[in-house]
Structure formats: structure tokens, C-alpha cells
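Report on the following structure.
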Amino acid sequence: MIAKIDKNRLEKLLKRADSVADKKASMAVLSMALLTFEPEKNLLYITTTDLEQGFKGKVSATIEGEPLSICVPCRKFYEVIKTLDEDEIIFEKEDTRLVIKDEEENSKFELAITDSEEFPNLPEFMEENLLDIPGKVLAELIDKTIFCASKEEARFVLGGVYFEPLKEEGKLRAVASDGHRLALLDRDVPGIEDSNLSEGFIVGRKGADMISELAEDELVVKFGFVHNYAVLFFSDGFFFSRTLEGTFPDYRAVIPQEFQNVLKIDRKLFLNALDRATVLISEKYKPIKIDFSSNELFLSSPESEVGKAEIKLRAEYQGSPLSVTFNADYLISALEHMKSEEIEMKLNDERSPCLITGYRDEGFLYLLMPMVI
């Protein structure tokens with residue numbers, strides 16, 4: 001078998017495949033990439049899995065000889081391909097080796113191969129009844145919420161993004177929370193009422209990141225929930241990730257419906273002030289005290305051996321004077337994910353959740369609990 005393949009396309013595909021392969025696997029085969037050369041279709045398929053996730057992508061190739069399936073160490077294969085400068089790469093199977101070279105044989109590598117029969121079978125999925133969704137919309141649903149997902153193992157069901165179909169409204173909702181803050185985004189998705197999405201499901205952080213990366217550059221992808229897997233079909237293959245077991249908390253119950261105090265402020269001005277106010281804070285959790293009063297916002301960092309910071313900002317505020325302490329990093333991360341020139345902060349008192357929205361961030365809300373010091 002001899003195959004010629006475009007180096008750049010292969011490298012892009014391998015980068016994605018390598019992110020799924022299990023580098024610390026107790027089973028050596030899980031660190032492998034399954035290469036399937038199909039001469040009749042002139043395609044090379046690359047498959048990787050860690051048993052929780054799976055990836056199968058394809059790249060065009062000129063292939064001569066019989067069909068061939070072999071396994072190679074995925075990371076080493078990827079590293080070899082990255083070192084090559086040529087536009088086209090030649091593959092040739094010789095006994096128990098895969099020879100990788102350029103046309104002039106200025107560079108030549110021999111990579112040990114193993115039997116493809118050891119590679120685990122992936123679950124089979126059909127594209128029918130999956131949700132057609134613009135790739136950038138799916139990526140946005142993840143990117144605007146995943147930063148709130150919990151990194152603590154004890155909060156297992158909070159360790160990813162919760163997708164919820166709102167069929168009557170024609171929307172797909174994404175929610176993530178770590179128990180201290182919550183991000184929610186709704187997006188219109190035509191046809192969601194006819195899709196197989198009938199219940200909510202939680203995609204873990206690693207799987208959600210991969211889905212976002214694969215969907216970002218696609219015009220339209222197919223996305224769905226099938227037999228405890230989140231499944232994504234894109235132009236060059238498919239990806240699946242086992243969903244997190246358990247019930248996502250009732251997030252609606254923690255979002256207040258009425259607020260007594262409302263602040264309107266320039267987002268970039270506020271973001272800049274928060275960055276400056278945290279310069280002298282050395283604590284892991286960066287507490288910033290915010291005093292709300294008519295037409296003014298006063299930010300202060302805690303007194304420490306290093307010193308303290310105090311910053312005043314002009315703002316439009318309606319309500320009673322309040323002093324509330326927030327984790328500055330949590331405020332900053334929310335503002336960095338928003339686009340609105342002006343944002344609204346709504347709250348009732350020093351201990352109740354604060355709701356942040358913006359008129360240019362349609363469908364997005366951010367809920368943040370104050371710090372108790």
C-alpha cells in the first residue's frame with residue numbers, strides 16, 4: 001500500500017485526533033490512532049478513543065494497493081507529521097513498519113505498527129434526527145458558559161455544560177455553574193422542535209471544549225444526544241462524548257425574578273477598574289468590596305501588608321445604598337465574555353445573587369453570589 005496525502009490537512013486532523021487519544025492509558029491501544037486506508041474512496045480515516053470519547057475523521061488521499069487498517073502511536077505519529085516541511089507526504093507499509101517520507105526522501109521515518117484488531121469498536125451513530133445547528137452558534141453556546149463549570153471533582157454534575165432544548169420557544173439553552181456563579185445562554189435554532197432532543201444532558205468540560213473547537217469553523221453541524229452520548233457530526237467526521245450522569249440542579253430556582261436595586265455602568269470602564277483594584281491583592285480568592293450609591297461606584301481592596309486600592313467610578317444607580325463583596329475574578333471573567341458597551345447589575349441586598357446582563361448580549365445572563373467575609 002502506498003498513499004500520498006496533503007500534509008496540512010493531515011496535521012489539522014491529527015491535532016484533533018490526538019486530543020482524544022488517551023496519553024496515560026492503562027491499555028496501550030487507547031494511545032493509538034487507527035489508520036484505515038480505503039483505495040476505492042481515496043480516503044484515509046483516523047480514529048482515536050479513550051472509551052469515554054471518540055473521534056473519527058477523514059482526509060483525502062491518493063491510495064494504491066489493497067485496503068489497510070493499522071494502529072500507530074498517535075502522539076508520535078502527530079509529532080512526526082509536524083516536523084515535515086513538504087506539502088505532500090508519502091506513506092508506505094513495509095512489514096511491521098509504516099514508512100513516512102517526502103517525494104525526494106529527504107526525510108524518512110519508520111513507525112512501528114500494531115494489529116488493528118486490538119482497537120476497540122466505537123459506538124455507531126446515525127445522522128438522522130440530529131439537530132442541524134450553525135457551527136458558530138453551537139461554539140458560542142459552549143464558550144459563553146463553560147468558564148463557569150466547576151473544576152472540583154466533588155461537584156461532578158457541575159463539571160460541564162448543561163444543554164436544554166426549549167422546543168416551544170425554538171431555542172437551545174446552555175447553562176454552566178460551579179455553585180458560586182452561573183452563566184446561561186439561549187440561541188434560536190430552527191428545526192429544534194423536530195429533532196431528537198427531548199431532554200437535557202450534561203457534556204463534561206473536555207468533551208464540550210472539543211465540540212466547540214470542531215464546530216467553530218463549520219457552516220452547519222449535526223448535534224444531538226444519543227444513548228448517553230453527546231454526538232457531533234461535522235464535515236470531515238464525527239465526535240462523541242459520554243455525558244455526565246446525574247441531574248443538573250434546578251438553576252431556575254436560584255435566579256431571582258424581581259430586583260430592588262439596579263446599576264448601569266460602562267462595561268470596559270468597570271473591567272479596567274476591577275483589573276486595577278486587584279493589583280495589590282495576593283489572596284487566591286480576590287475579594288473586592290463595592291459600595292453602591294447614587295451616581296457613583298466605590299471599589300476597594302482589603303487592607304494588607306502590601307497596601308490597598310480604592311477606585312471611584314461614575315455610574316447610574318437606582319436603589320438603596322449597598323456594600324457588597326464579590327470575587328473580582330468572577331466579575332472579570334463575566335465581563336470579558338460579554339460584548340455590550342453598557343451592562344446592568346441587579347441585586348436585592350448584600351447576600352442575594354447579583355444578575356448581570358447587557359443589551360448587546362441577547363439571551364445571555366450571568367448570576368454571581370456575593371462573598372461572605
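Scanning the stretch 140-160 for residues that are within 16 Å of residue 362 (Cα to Cα) and part of a helix (DSSP H, G or I), we see that the one that is most open to solvent (accessible area, probe 1.4 Å) is 143.
Within the stretch 284-293, can you find the residues that are surrounded by 11 or more Cβ atoms within 10 Å (Cβ to Cβ), out of contact with any helix residue (DSSP H, G or I) (no Cβ under 7 Å at 6 or more places or on another chain) and either among the basic types (Lys, Arg) or outside any strand (DSSP E or B) (or both)? If the condition is that a residue be surrounded by 11 or more Cβ atoms within 10 Å (Cβ to Cβ), out of contact with any helix residue (DSSP H, G or I) (no Cβ under 7 Å at 6 or more places or on another chain) and either among the basic types (Lys, Arg) or outside any strand (DSSP E or B) (or both), then 285, 289 are the ones that fit.
Taking residue 215, is it more than 13 Å from residue 231 (Cα to Cα) and of a type in the set (A, V, I, L, M)? No. Look at the stretch 7-30: where a residue is touching a residue at least 40 places away in the same chain (Cβ under 8 Å) and farther than 12 Å from residue 49 by Cα and a partner is of a type in the set (Gly, Ala, Ser) and buried (at least 19 other Cβ atoms within 10 Å of the Cβ), sitting 6+ places away or on another chain with Cβ atoms under 6 Å, you get 13/57.
Here residue 214 meets each of (1) touching a residue at least 60 places away in the same chain (Cβ under 8 Å); (2) touching an Asp or Glu at 6+ places or on another chain (Cβ under 8 Å) with one exception, condition (2). Number of residues in the stretch 189-222 that are under 15 Å from residue 164 (Cα atoms), of a type in the set (D, E, K, R) and either part of a helix (DSSP H, G or I) or under 13 Å from the mean Cα position of the chain (by Cα) (or both): the value is 2. When we screen 186, 178 for residues that are within 27 Å of residue 330 (Cα to Cα), open to solvent by less than 20 Å² (accessible area, probe 1.4 Å) and of a type in the set (D, E, K, R), the only hit is 178. Consider the stretch 83-128 and keep the residues that are within 20 Å of residue 27 (Cβ to Cβ) and of a type in the set (A, V, I, L, M). The one that is surrounded by the most Cβ atoms within 10 Å (Cβ to Cβ) is 113. Selection of the stretch 161-183 for residues being closer than 28 Å to residue 371 by Cβ and in a strand (DSSP E or B) yields 161, 162, 173, 174, 175, 176, 177, 181, 182, 183.
Might you let me know whether the stretch 48-59 holds any residue that is farther than 14 Å from residue 120 by Cα and among the β-branched types (Val, Ile, Thr)? Give the steps one after another, and end with the answer.
Within the stretch 48-59, the first condition is being farther than 14 Å from residue 120 by Cα, and the residues that meet it are 57-59.
Still in the running and among the β-branched types (Val, Ile, Thr): 59.
Scanning the stretch 48-59 turns up at least one residue that is farther than 14 Å from residue 120 by Cα and among the β-branched types (Val, Ile, Thr).
Scanning the stretch 294-308 for residues that are open to solvent by less than 20 Å² (accessible area, probe 1.4 Å) and of a type in the set (Ser, Thr, Tyr) turns up 300, 301.
If you check residue 235 against the conditions, is it among the small types (Gly, Ala, Ser) and open to solvent by less than 30 Å² (accessible area, probe 1.4 Å)? Show your work before the answer.
Details: among the small types (Gly, Ala, Ser): yes; open to solvent by less than 30 Å² (accessible area, probe 1.4 Å): no.
No: the conditions fail for residue 235.
Residue-wise test of (1) in contact (Cβ under 8 Å) with a residue 12 or more places away in the chain; (2) touching a Pro at 6+ places or on another chain (Cβ under 9 Å); (3) among the charged types (D, E, K, R); (4) in a loop (DSSP other than H, G, I, E, B).
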residue: 224; (1), (2), (3), (4): yes, no, no, no
residue: 247; (1), (2), (3), (4): yes, no, no, yes
residue: 281; (1), (2), (3), (4): yes, yes, no, yes
residue: 298; (1), (2), (3), (4): yes, no, no, no
residue: 306; (1), (2), (3), (4): yes, no, no, yes
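For the stretch 232-245, a tally of residues being out of contact with any Lys or Arg (no Cβ under 8 Å at 6 or more places or on another chain) and either without any contact (Cβ under 8 Å) to a residue 60 or more places away in the chain or not aromatic (Phe, Trp, Tyr) (or both) returns 5. Scanning the stretch 323-368 for residues that are of a type in the set (Gly, Ala, Ser) and touching a Pro at 6+ places or on another chain (Cβ under 8 Å), we see that the one that is surrounded by the fewest Cβ atoms within 10 Å (Cβ to Cβ) is 352.
Applying the criterion of being open to solvent by 80 Å² or more (accessible area, probe 1.4 Å) and assigned to a loop (DSSP other than H, G, I, E, B) to the residues of the stretch 250-273, the residue that is nearest to residue 293 (Cα to Cα) is 260.
For residue 186, the conditions (1) part of a strand (DSSP E or B); (2) within 25 Å of residue 49 (Cα to Cα); (3) acidic (Asp, Glu) are fulfilled apart from (2). Determine which single condition residue 29 fails, assuming it passes every other condition in (1) of a type outside the set (Gly, Ala, Ser); (2) closer than 28 Å to residue 208 by Cβ; (3) at pLDDT 95 or above. The single condition residue 29 does not satisfy is (3).
The values are calculated or read from the model by the stated rules, or taken from the named source; none is laboratory data. Here the structure is a predicted model, which means the values were calculated and not measured. Every residue, glycine as well, gets a Cβ built from its backbone with ideal geometry; the counts of neighbours run over all protein chains shown. Accessible surface is based on the protein model in full, side chains and every heavy atom, while ligands, DNA and RNA are left aside. Shrake-Rupley method; radii C 1.70, N 1.55, O 1.52, S 1.80 Å.
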